[in-house]
1. 5 Å is the cut-off here: which amide hydrogens, built 1.01 Å from N in the peptide plane, fall below it relative to Leu92, excluding neighbours closer than 5 in sequence?
2. For Val44, project a label point 7 Å along Cα to C-beta. Then give me every residue of segment 95-126 with its amide nitrogen under 19 Å of that point.
3. Please give, to one decimal in nm, the separation of the simple spin-label points placed at Phe106 and Ala72, each 7 Å out from Cα toward the Cβ.
Amino acid sequence: MRMILLLLAMMLALPAHAVEPSEMLKDPALEARAREASKNLRCVVCQNQSIDESNAELARDMRVLVRERILAGDSNADVIDYMVSRYGDYVLLDPPFKTTTYVLWFGAPLIVGIGILVAVVFYRRRPEEALQTKVAKLSAAEEKRLQKLLEDDEA
């Protein structure tokens, strides 16, 4: 039980280690704002992970940039707009629904749908191809041999 609790505590603490002490702001209110803004920004290296949780070097650079913008007096919305202007809508964990983000919204379901369609077509064609193959008839000698084998098998 202790081991399970220890492993659980370590797993829950992993995101806390992403932000290094050297990155943190001295003012707790500004640090809280930076954390909030960072939680809404995607690490462009990692898959579906915020820059606040990521240990990637680029995510660290992005966290530092967020903190620099907050220290410069930008609001959280200004910081996010700045990051979007640099990295595009992909940097948002919840991208807006507009024509430039259709690929982000429909890409994965479209690929899955195409895969299912290909599988259905493939499996529907298989039986037709199997029925179209011709089976050669047995010669008289082969039929006698088959009958003999079946009789031997029954005995």
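1. Arg42
2. Once the point is set 7 Å along Cα→Cβ of Val44, 95-96, 100-105 turn out to lie under 19 Å by backbone N, inside segment 95-126.
3. It is 3.6 nm.
Read-outs: derived from the displayed coordinates by stated rules, not from any lab. Computed from a predicted structure; not experimentally measured. No Cβ is skipped: glycine too gets one built from the backbone with ideal geometry, and neighbour counts run over all protein chains shown.
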